[in-house]
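The values are calculated or read from the model by the stated rules, or taken from the named source; none is laboratory data. Remember, predicted model here, so these are calculated numbers, not experimental data. Backbone-built Cβ (ideal geometry, glycine too); neighbour counts: all protein chains shown. Surface accessibility is based on the protein's heavy atoms, side chains included, excluding ligands, DNA and RNA. Shrake-Rupley method; radii C 1.70, N 1.55, O 1.52, S 1.80 Å.
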Amino acid sequence: MLTFHNPDHHLHHASELKDGKVSPCFELPHRADTVLARVRQVGLGQLAIPAHYGKERYARIHSERYVNFLESAWQEWTALGHRHDALPLVWPVRDLRSDIEPEHIDGKLGFYAMDAGVAITAGTWQAVRRSADTALNGMDHLLQGNRSAFALCRPPGHHAAAEYMGGYCYLNNAAIAAQSCLDQGGKRVAILDVDFHHGNGTQSIFYQRPDVLFVSLHGDPRRSYPYFSGHRDETGSGAGQGFNLNYPLPHGTDWGSYATALDDACKRIRAYQPDALVISLGVDTYENDPISHFRLTSHDFFGIGAAIASIQSPTLFVMEGGYMVDEIGINAVNVLQGYTGGV
Ligand SMILES: NCCCCCC(=O)NO
Ligand SMILES: [Zn+2]
């Protein structure tokens, strides 16, 4: 399996507001370095640096003004004399207005963010666009007739919606790759999100569309971030009704119950007969993950890969979350080896 990786991810090393304190973000550069080292250690396959894609490819999923905001935010922030990370201070919640884009960067930061887990730094724009390029090149690799590819994306993307960032995510790499498949002749794409956290951004982007089936297994939002999406009754709307499937699972979920939900999800995806399958591969379902609450062991990740292989579609794995840095490489590559061993 070919792995695309983006060395520019090191340009993004942000802080986050968590537990009432601004502290180093859990989404560290070392995460991707650890996964890449494991890919090399097991000899998973060749490595490749992604080609450069134009902003218009990101704008197939995100609004043009949002993409332009990501590109210009740091310059607008430092024009005020700031040299530290940019974080929002106000959001358009409840009956506050969000029909007018503010001109001031303080207003824009809240207008385009769902939380304070998405600091903007000097290198953020370059890192996030190259992360999206990584997924785009992975999808092109599938469209050239290959069975699978691994897009080692960092920063991750599944919390980012058309016009907002959140949860360490800025551009929705998986959604951008899925759209690229459809733009190049694909009729149906399935996205399976196995990250501990609900992919609210991916759900939002495709919620009214039947050409992308979104399926997510995640911590029950009544007790798990992002808290405000991911319930079972969110099944799509309009033409997209029935093409959004959520499997919220309780804290403490182990392989037994996880595998039951995963098998059902894979059956639903097989029935959809997608031209391509995109996996939002978060491994924060790991029992020792510092910010999550499932109980999967490293060995269980082989089973996730084997279940995905049973769908028998061309498959792009897109890296999302996972914060137990020492084991993130083992767990992510166990999925990939479970897949290749099962195809
Ligand atoms: N800052 C709050 C927690 C962000 C979760 C990020 C993640 O792993 N999403 O999948
Ligand atoms: Zn996560």
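Mind running the shape call on the stretch 222-338? Use the C-alpha gyration tensor, a ≥ b ≥ c as the square roots of the eigenvalues: rounded below 1.5 for a/c, prolate if a/b tops b/c, oblate otherwise.
Details: a/c = 1.82, a/b = 1.21, b/c = 1.51.
Because a/c hits 1.5 or more and a/b fails to exceed b/c, the stretch 222-338 counts as oblate.
Heavy-atom accessible area with a 1.4 Å probe sorts 124, 78, 340, largest first, into 340, 78, 124.
Of the peptides 306-318, 273-285, 14-26, how do they stack up when ordered by the mean number of other Cβ atoms within 10 Å, highest first?
Working: 306-318: 22.7, 273-285: 25.8, 14-26: 14.5.
The densest-packed peptide leads the list: 273-285, 306-318, 14-26.
Along the charge dipole of the chain, pointing to its positive end and built from +1/-1 on Cβ of Lys, Arg, Asp and Glu, which listed residue (84, 218, 112) has its Cα farthest out? Ranked along the dipole, the leading option is 218. When 62, 293 are compared by accessible surface with a 1.4 Å probe, the order from highest to lowest is 293, 62.
Note the count of lysine pairs whose C-alpha atoms are less than 23 angstrom apart in the chain, limited to pairs 8 or more residues apart or on different chains.
4
Seen from residue 6, the other residues with C-beta closer than 10 Å to its C-beta sum to a net charge of +1, counting Lys and Arg as +1 and Asp and Glu as -1. Rounded to the nearest 10 square angstrom, residue 255 shows an accessible area of 70 square angstrom against a 1.4 Å probe. Helix 124-143 and the long axis of the chain differ in direction by around 30°, with both axes built from C-alpha atoms.
Simple point charges give the picture: +1 on the Cβ of Lys and Arg, -1 on the Cβ of Asp and Glu, and for the stretch 161-292 a dipole about the Cα centre of about 380 debye.
Using a ≥ b ≥ c from the Cα gyration tensor of the stretch 146-284 (square roots of the eigenvalues), is it rounded, prolate or oblate, where a/c under 1.5 gives rounded and otherwise the larger of a/b and b/c decides, a/b for prolate? Present the calculation step by step, with values, prior to reporting the outcome.
Details: a/c = 1.35, a/b = 1.22, b/c = 1.11.
The shape class here is rounded.
Separation of the stretch 116-132 and the stretch 19-98, taken as the distance between their Cα centroids, equals 3 angstrom. With the charge dipole of the stretch 20-74 set up from +1 on Lys and Arg Cβ and -1 on Asp and Glu Cβ about the Cα centre, the Cα lying farthest toward the positive end among the listed residues 29, 42, 66 is that of 42.
If you take the square roots of the eigenvalues of the alpha-carbon gyration tensor of the chain and sort them as a ≥ b ≥ c, do you get rounded (a/c under 1.5), prolate (a/b over b/c) or oblate?
Values: a/c = 1.39, a/b = 1.33, b/c = 1.04.
Rounded, since a/c falls under 1.5.
Quick check for me: using +1 on Lys/Arg Cβ and -1 on Asp/Glu Cβ, what's the dipole size of the stretch 1-109 about its Cα centre, in debye to the nearest 20?
Numbers: 13 positive and 15 negative charges, 90 e Å.
Dipole size: approximately 440 debye.
Using a probe of 1.4 angstrom and keeping all protein chains present, the accessible surface of the chain works out to 39 square angstrom per residue.
Pick out, in residue order, every one of the trypsin sites (Lys or Arg not before Pro) in the stretch 164-246 that is DSSP loop and has at most 12 other C-beta atoms within 10 Å; say none if there are none.
In loop regions of the stretch 164-246 (DSSP not H, G, I, E or B), the sparsely surrounded trypsin sites (Lys or Arg not before Pro) are 187, 222, 223, 232.
Gain on full extension, evaluated as 0.36 nm per residue between residue 103 and residue 72 minus their Cα-Cα distance, stands at 9.9 nm.
What is the percent carbon and sulfur in the accessible area of the stretch 260-304, measuring with a 1.4 Å probe over the protein chains and ignoring ligands? The value for the stretch 260-304 is 45 percent carbon and sulfur by accessible area.
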